[in-house]
Structure formats: C-alpha cells, structure tokens
Amino acid sequence: MMPQISIFETRDDLNREVINLIDYLLQSKSTINIALSGGSTPKALFDYWSKAKCEFDYWKRIRLFWGDERCVPPNDEMSNFGMTKEHLLDKIPIPPGNIFRIVGENDPEQEAVRYGELIEKEEHFFDLVLLGLGDDGHTVSIFPSSIKLWKSSKPCVVNLHPDSGMKRITITGKVINSANYVAFLVTGDSKAIKVKEIILHRKENLNKYPAAKVAPTSGRLLWLLDTEAAALL
Ligand code: 6PG
C-alpha cells in the first residue's frame, strides 16, 4: 500500500489539511467518529481546530475517542484527555455525550475491556484515527519493545511505558487498521529518521517499529508532515 504523503511549510497549513479532511468526511455522513492522540502536534491542532470551528451544528456531528491514555486522572498533566480538554473541549460547544474518554483513573484492565467493548459497537467504527509518531517509532501506546501487542486479538489493552513503567491503555492494530482513514501527524526534525525508515523502508522495519504496522485495509493512510519531519524523504 502506498500511503499519501503531504508536506507542509507551516503547522497551520498541516492543521488546516486535517480540518479539511474532517469537512470532507462530514459530507457523506451525519456523524463521524474520530480517535485522537496525545503529543505536541495534536496540541497545536486542537488550538487551531477550536478557533476554526465554533458552531454547535458542527460539533454535534463529531464524536471524539482516544487511541491511548496514560493511567492517571484527567487533571494530571500526563493525561491525554486533560490536554485535549484544555486545548479543545473547554473551548467548543460539543455535546458531552459525544466525548468518549478512556477513564485513566479506573482499574486499567477493566477499563481496557470497557473501552474495547465500546469501540467495537458498530456505530463506533472509526472514520478517522489521528496518530502521532514517537521518536522511537512507537504509535498509540505500542512501543518497539512491546510490538507483539499490535496483533492482539483484543481491541484495547493495557501496556507499560518501556522507560517509566507507567501503565497505559491503548487501542491495538486491528482497530487502527479497520478505520476508514488513518492519518499520522508528524512534525519536527527529531522525527526525520523514523519517518524515512518507515515510509521508504517499511518492509525492513515492519517488526521493529509499531508505526510501520499501520496499514488500514481501506488503503487510506495519510502522512501529514512538516518540512523538518520530511527532511530525509
Ligand atoms: C506518548 C506520546 C506519543 C506522541 C508522539 C508524538 O504518549 O508517548 O504522546 O505517543 O504521540 O511522541 O508526539 P509529538 O506530537 O509531540 O511529536
């Protein structure tokens, strides 16, 4: 599968492209389901998105989920939900019923089961999964050292961060690869080597980097990069 690669001069250009993609998806469905990720790139997207779209009629058609979460309460600075709340949710008129967070403060194993059941309900099929790329080649909370979890038969599992040992809850490969669209949002020069290894040498790195395993059966995989992240392509 050849991904579609787009390179942007500025982060705002990249953010605008994501919003345009969502507008496009909204043309053919009344409600769409989007899985969000953590990191600094989505943070900039959320700031942009909250300014670009302020109508209730827009937000009532969007249901937000998360690809992964740290096992902390929402007010912890490590919480992906907390970051999204601060940069997006607190600024937009989205119905609370459209927000499906991973409850990081609950028992992790039970929460992974609950969230997996939730996203496997047919109406929660993901129209769009937004992914980040870790400097080590991880995506969602599946790391190179735990790459086997990508192929889990479960939609959602508990994992440990390889360095901190902190628990994370993460969706797995089968959920990501069954989404209609999957988009990597990658910015900054620290990503350039992994971007090159994964895009240009995917086969050799398939068992090394979880991000190389992203291959939606729909064929719709987008890499949205800034010039720094794309420098070695
Ligand atoms: C994590 C991070 C990670 C993030 C990437 C990309 O939980 O380990 O949130 O998954 O998505 O490191 O981050 P940037 O957008 O900051 O490059």
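Computed from the coordinates by the stated procedures, all read-outs in this text should not be read as laboratory data. All values derive from a computational prediction rather than experimental measurement. Using ideal geometry, Cβ is built from the backbone for each residue, glycine included, and neighbour counts are taken over all protein chains shown.
Which shape class applies to the chain: rounded if a/c is under 1.5, otherwise prolate when a/b exceeds b/c and oblate if not, where a ≥ b ≥ c are the square roots of the Cα gyration tensor eigenvalues? Don't skip to the answer; put the middle values down first.
Details: a/c = 1.39, a/b = 1.07, b/c = 1.30.
Verdict is rounded for the chain.
Rounded, prolate or oblate, given the Cα gyration tensor of segment 89-169, with a/c below 1.5 counting as rounded?
Values: a/c = 1.63, a/b = 1.48, b/c = 1.10.
Note, shape of segment 89-169 comes out prolate.
Could you pull out every residue, at least 5 positions away or on a different chain, whose amide H is within less than 5 Å of the one on ALA35? Hs are placed 1.01 Å off N in the peptide plane, and Pro or chain starts have none.
Amide H to amide H, under 5 Å and 5 or more residues apart or across chains, ALA35 pairs with PHE65, LEU128, VAL129, LEU130.
Computed over the Cα atoms of segment 14-137, what is the convex hull's projected area averaged over all directions, in nm²?
Numbers: hull surface 31.3 nm².
The orientation-averaged projected area of the Cα hull of segment 14-137 comes to 7.8 nm².
Report relative contact order for segment 65-149 in percent, whole number only (criteria: Cα-Cα under 8 Å, sequence separation at least 6). Let's see the in-between values first.
Numbers: 68 pairs, mean separation 23.0, N = 85.
This gives 27 percent for segment 65-149.
Structure shown: which of LYS154/LYS203; LYS174/LYS203; LYS85/LYS167; LYS91/LYS196; LYS174/LYS196 lie over 29 Å apart, alpha-carbon to alpha-carbon?
Details: LYS154/LYS203 25 Å; LYS174/LYS203 19 Å; LYS85/LYS167 21 Å; LYS91/LYS196 36 Å; LYS174/LYS196 24 Å.
Table pairs above 29 Å Cα-Cα are LYS91/LYS196.
I want to check the label-to-label distance for GLU86 and ALA215. Put each point 7 Å from Cα in the C-beta direction and report it in nm to one decimal.
Taking the simple label geometry, GLU86 and ALA215 are separated by 3.9 nm.
Running a GNM on the chain with Cα contacts under 10 Å, which residue among THR139, THR217, THR187 ends up with the highest mean-square fluctuation?
Its mean-square fluctuation being the largest, the pick is THR217.
Report the full-extension gain for the segment PHE56 to LYS154: residue separation times 0.36 nm, less the Cα-Cα distance, to one decimal in nm.
Gain on stretching PHE56 to LYS154: 31.8 nm.
Which order do peptides 87-97, 58-68, 151-161 fall in by mean Cβ count within 10 Å, highest first?
Working: 87-97: 14.2, 58-68: 20.5, 151-161: 17.5.
Ranking the peptides 87-97, 58-68, 151-161 by packing returns 58-68, 151-161, 87-97.
Just tell me which aspartates and glutamates come within less than 13 Å, Cα to Cα, of LYS213; anything on the same chain fewer than 8 places away is out.
GLU197, GLU204
Would you mind checking which residues have amide H under 5 Å from GLY188's amide H? H placed 1.01 Å from N; only 5 or more apart, or other chain.
Correct list: ASP226, GLU228, ALA229.
Would you kindly state how much longer the chain becomes between ASN98 and GLU77 on full extension, computed as 0.36 nm times their sequence separation minus their alpha carbon distance, in nm to one decimal?
Values: separation 21, 0.36 × 21 = 7.56 nm, distance 2.29 nm.
Net length gain for the segment: 5.3 nm.
Give the residues of segment 143-169 whose amide nitrogen is closer than 14 Å to a point set 7 Å from the Cα of ASP107 in the direction of its Cβ.
Nothing falls inside the zone, counting backbone N under 14 Å.
Please report the orientation-averaged projected area of segment 166-233, defined via the convex hull of its C-alpha atoms, in nm².
On the way: hull surface 21.1 nm².
With every direction weighted equally, the projected area is 5.3 nm².
³J(HN,Hα) across segment 39-46 via Karplus (A = 6.51, B = -1.76, C = 1.60, θ = phi - 60°), whole Hz, x for Gly/Pro?
Here the 3J(HN,Hα) series is x, 7, 5, x, 4, 5, 4, 5 Hz.
When only Cα pairs under 8 Å and 6 or more residues apart are kept, what is the percent relative contact order across the chain? List each step's numbers first, then the result.
On the way: 464 pairs, mean separation 56.2, N = 233.
Computed value for the chain: 24 percent relative contact order.
For segment 50-76 and segment 99-140, what is the separation of their C-alpha centers, rounded to whole Å?
13
Within the chain, what's the longest run with no GluC sites (Glu not before Pro) in a DSSP loop and at most 16 other beta-carbon atoms within 10 Å? Give the range, please. Numbers along the way, then the final one.
Numbers: sites that count: GLU9, GLU55, GLU77, GLU105, GLU228.
Between the exposed loop sites, the longest stretch runs 106-227.
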